[in-house]
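Below is one structure, written out as structure tokens, with a few remarks after it.
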Amino acid sequence: PEPEKETPLIPVAQLYARDVPDLAWPPGADLVQLLWCPFNHDAGDDGWSPYAELRWRTSGGAGDQLTGPPQPAVVGTDGYLPVPCVVHPERVTEYPTPYELPQRLGGQIEQWTADADTEYHHDLTYAHGCKAGGYIPWGQMDPYPVLCEQCGTASVPLLTLQENEWYCDIWRPVDQAGGAVHPTPTGLSLVYTLQVNMCPAEPSHSPRLIWP
């Protein structure tokens, strides 16, 4: 059923500049929070996704932490309701997906990976699971310009969200050397990858959410 009153936004992620310094941080901000509504909203050409907001803040002025954050009375999609967990950032090197490479280079890489008995797209291009920055994990659709809907600036990756933290040993986090095969620490159930992009020209503009 539709909620009878306003639904509080759900905290999804909180990142500090000291942990992910390569993001396009606005001047004076060292803390970013992603919050969203746990219902599907019409995103136009991007289909349906949670309604999301970014809060760029100064950690020293964030105030006291709430002991009991407000919870929604009704959740539209259970998969949009994460469980509390702690992030341990790990820096990795990524490469563009084959869909973003020139055809000749893509062919050379395909031959090289075949000889090396590996798979470029899933094993070597982008880190699996939840990540900050990096490349968009195109695969469900062909790459296209992801522009800020408010000013038309080319947006940049802020967060990539997936339900599993890793899929194969090459992307296993260092702190889970003996972990399960498909850990789901966030509790998210998204089916597909959900990409959150930000406007580098004006970070206060609404984030762009797509299913690449």
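The values are calculated or read from the model by the stated rules, or taken from the named source; none is laboratory data. No experiment lies behind these values; they were computed from the predicted model shown. All Cβ positions, even for glycine, are placed from backbone atoms using ideal geometry, and neighbour counts span all protein chains on display. SASA here: full protein model, heavy atoms, side chains in, ligands and nucleic acids out. Shrake-Rupley method; radii C 1.70, N 1.55, O 1.52, S 1.80 Å.
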Matching option when the condition is farther than 26 Å from Val12 by Cα and open to solvent by less than 70 Å² (accessible area, probe 1.4 Å), among Thr160, Thr113: Thr113
Criterion: aromatic (Phe, Trp, Tyr) and open to solvent by 60 Å² or more (accessible area, probe 1.4 Å) - qualifying residue of Trp56, Trp48, Trp36: Trp48
Residues that are part of a loop (DSSP other than H, G, I, E, B) and either closer than 23 Å to Glu149 by Cα or in contact with a Phe, Trp or Tyr (Cβ under 7 Å, 6 or more places away or on another chain) (or both), drawn from the range 23-50: Leu23, Ala24, Trp25, Pro26, Pro27, Ala29, Asp30, Ala43, Gly47
Check on Thr153, of a type in the set (S, T, N, Q) and open to solvent by 20 Å² or more (accessible area, probe 1.4 Å): yes
Filter result (in a loop (DSSP other than H, G, I, E, B), over 19 Å from Pro143 (Cβ atoms) and among the polar types (S, T, N, Q)) within the range 78-120: Thr93, Thr118
Restricting the range 14-31 to residues that are touching a residue at least 40 places away in the same chain (Cβ under 8 Å) and open to solvent by less than 30 Å² (accessible area, probe 1.4 Å), the residue that is nearest to Gly133 (Cα to Cα): Leu23
Qualifying residue in the range 61-70 (condition: part of a helix (DSSP H, G or I) and either at pLDDT 85 or above or touching a helix residue (DSSP H, G or I) at 6+ places or on another chain (Cβ under 8 Å) (or both)): no
Evaluation of Pro102 against (1) at pLDDT 90 or above; (2) within 27 Å of Gly187 (Cβ to Cβ) (one fails), failing number: (2)
Lone unmet requirement of (1) in contact (Cβ under 8 Å) with a residue 24 or more places away in the chain; (2) crowded, with 16+ Cβ neighbours inside 10 Å; (3) within 26 Å of His128 (Cβ to Cβ); (4) not basic (Lys, Arg) for Glu100: (2)
Long-range neighbours under 7 Å by Cβ, at least six apart or interchain, first residue at positive phi within the range 120-134, second of a type in the set (Asp, Glu) and modelled with pLDDT under 85: Gly129/Glu165
The range 41-67: number of residues that are touching a strand residue (DSSP E or B) at 6+ places or on another chain (Cβ under 9 Å), over 20 Å from Ser204 (Cβ atoms) and not acidic (Asp, Glu): 2
